[in-house]
1. Which condition number does residue 358 fail, the rest of (1) surrounded by 17 or more Cβ atoms within 10 Å (Cβ to Cβ); (2) under 24 Å from residue 72 (Cα atoms); (3) modelled with pLDDT of 90 or more; (4) in contact with a Leu (Cβ under 8 Å, 6 or more places away or on another chain) being met?
2. If only one of 336, 313 is among the aromatic types (Phe, Trp, Tyr), touching a residue at least 40 places away in the same chain (Cβ under 8 Å) and outside any helix (DSSP H, G or I), which one is it?
3. So for segment 293-302 (the condition being within 23 Å of residue 349 (Cα to Cα) and in a loop (DSSP other than H, G, I, E, B)), does at least one residue qualify?
4. Based on this model, can you work out whether residue 145 counts as in contact with a Phe, Trp or Tyr (Cβ under 6 Å, 6 or more places away or on another chain), part of a loop (DSSP other than H, G, I, E, B) and more than 29 Å from residue 248 (Cα to Cα)?
5. So residue 145 ticks every box in (1) closer than 29 Å to residue 55 by Cα; (2) of a type outside the set (S, T, N, Q); (3) crowded, with 20+ Cβ neighbours inside 10 Å; (4) out of contact with any strand residue (DSSP E or B) (no Cβ under 8 Å at 6 or more places or on another chain) but one. Which box is left unticked?
6. So which of 335, 318 is touching a strand residue (DSSP E or B) at 6+ places or on another chain (Cβ under 6 Å), closer than 30 Å to residue 67 by Cα, of a type in the set (Val, Ile, Thr) and surrounded by 15 or more Cβ atoms within 10 Å (Cβ to Cβ)?
7. Pull up segment 57-81, narrow it to residues that are among the small types (Gly, Ala, Ser) and in contact with an Asp or Glu (Cβ under 8 Å, 6 or more places away or on another chain), then point me to the one that is farthest from residue 100 (Cα to Cα).
8. Within the bounds of segment 127-135, is there any residue that is over 30 Å from residue 354 (Cα atoms), in a helix (DSSP H, G or I) and touching a strand residue (DSSP E or B) at 6+ places or on another chain (Cβ under 7 Å)?
Amino acid sequence: MAGAVVIRRFASLGAFRSLQTFQMLPKDGQQGQGQNRNSCTYNPTLTFAPGQNGGGEQRIGPLVAEQQKKGRLFYGIEVLARTRKEPVNLDFNTFLPVLPIFVSVVWHSLRYWDVEPISEVDCIVLCKLLAKRLPTMPHLTCYRMSKQRMDQFLDLEFKNLLALRGDDAEPKQEFTFSADLTQFAKCRFGDRISVSVAGFPDGYTRSERTPEHMERNLKIMKAKVEAGADCIITQMCYKPDAIIKYVKDCRAAGITVPILLGIMAPDTYACYKNMIKKGEAELPPDLAEEVERLQCEILTDPSQNSDQISQFFVNYNVRLICEVLAACDDVWGIVFFTLNRFGSVHLTLKELQKIGLFNEVS
């Protein structure tokens, strides 16, 4: 029933685009060696689709707000600069007929914090290349981030930033919370930069899900928005009721900025278990048992790609998306946390098209 309700909310998205490919590699001299031993020459392979020409609104906050007004489903993708130590190979044509409206790029705190200059960090190099063709959002965390390094980042004149506290921390670091990064960026660049932040529908950790913790969670979110954040991306949560309540609680607290739904579909049992180990997300008990049963039936290496595991999460995510969209009239956007495992994203998009959520491109 939820799917039927959502389908009625969607308008026509336009005509199918013909395929066309553009290749982009960094020019010589755009990369360099930083102090961090993980830093090295970085040459991603990027293949762009028709229409990705860098035109239109590049700031993600205003772009998302504009998309919300259209009352149509849209999505962005989160990627890593590297896949198993190799530079990412990202072909946007594989997402057709429905292209992401933006890309965000993960910042690895422990790997990148001491790479100098910041412009030569792998993820920043990737962002500079992507930003020539479509709205792009670099991530930054508070870990060992100095005001001087923030100034270096802002001097690169990106239009977007995803400000995160991060899991790692050092005593006496200059920024403690994502609201601090947000305020610093907005004080210097004002409306020239759009700052997004993370939302936590199921609490920051398993131990922080009491009503008192969730009330504090909302106060922290309000502080982020008051500091200048203009978009919220929910972190991984496989509980639609928790997401719906979070959205409604945000609105009741006077938080009006767009909220995007974070989605991830593990394609291996090991990937799923790693998420749980990190405390990032967990399935409801009955579904967790089903995943365990599936893996027992498969009898393969848990780290190997599994069509059954992947399809399980694709199907569940489609149900989750339908439930949230049906219950929240002002939620229209999805962000896929890909880990550069694009196959499950493609499968999810196809399933959403089958049930009428993506009939045509926007």
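The values are calculated or read from the model by the stated rules, or taken from the named source; none is laboratory data. Owing to the predicted nature of the structure, the values given are computational and were not obtained by experimental measurement. Using ideal geometry, Cβ is built from the backbone for each residue, glycine included, and neighbour counts are taken over all protein chains shown.
1. Against the list (1) surrounded by 17 or more Cβ atoms within 10 Å (Cβ to Cβ); (2) under 24 Å from residue 72 (Cα atoms); (3) modelled with pLDDT of 90 or more; (4) in contact with a Leu (Cβ under 8 Å, 6 or more places away or on another chain), residue 358 comes up short only on (3).
2. Values: 313 fails: outside any helix (DSSP H, G or I).
It is 336.
3. no
4. On the way: in contact with a Phe, Trp or Tyr (Cβ under 6 Å, 6 or more places away or on another chain): yes; part of a loop (DSSP other than H, G, I, E, B): yes; more than 29 Å from residue 248 (Cα to Cα): yes.
Judged against the criteria, residue 145 is a match.
5. (1)
6. Values: 318 fails: touching a strand residue (DSSP E or B) at 6+ places or on another chain (Cβ under 6 Å).
None of the other options fit; the residue is 335.
7. So in segment 57-81, the residues among the small types (Gly, Ala, Ser) come out as 61, 65, 71, 76, 81.
Adding the requirement that they be in contact with an Asp or Glu (Cβ under 8 Å, 6 or more places away or on another chain) leaves 61, 65, 81.
Working: 61: 15, 65: 15, 81: 17 Å.
Among residues in segment 57-81 that are among the small types (Gly, Ala, Ser) and in contact with an Asp or Glu (Cβ under 8 Å, 6 or more places away or on another chain), the one farthest from residue 100 (Cα to Cα) is 81.
8. The initial filter retains those residues of segment 127-135 that are over 30 Å from residue 354 (Cα atoms), namely 127-129, 131-132.
Keeping just the survivors that are in a helix (DSSP H, G or I) gives 127-129.
Cutting the leftovers down to touching a strand residue (DSSP E or B) at 6+ places or on another chain (Cβ under 7 Å) gives us 127, 129.
Yes, segment 127-135 contains a residue that is over 30 Å from residue 354 (Cα atoms), in a helix (DSSP H, G or I) and touching a strand residue (DSSP E or B) at 6+ places or on another chain (Cβ under 7 Å).
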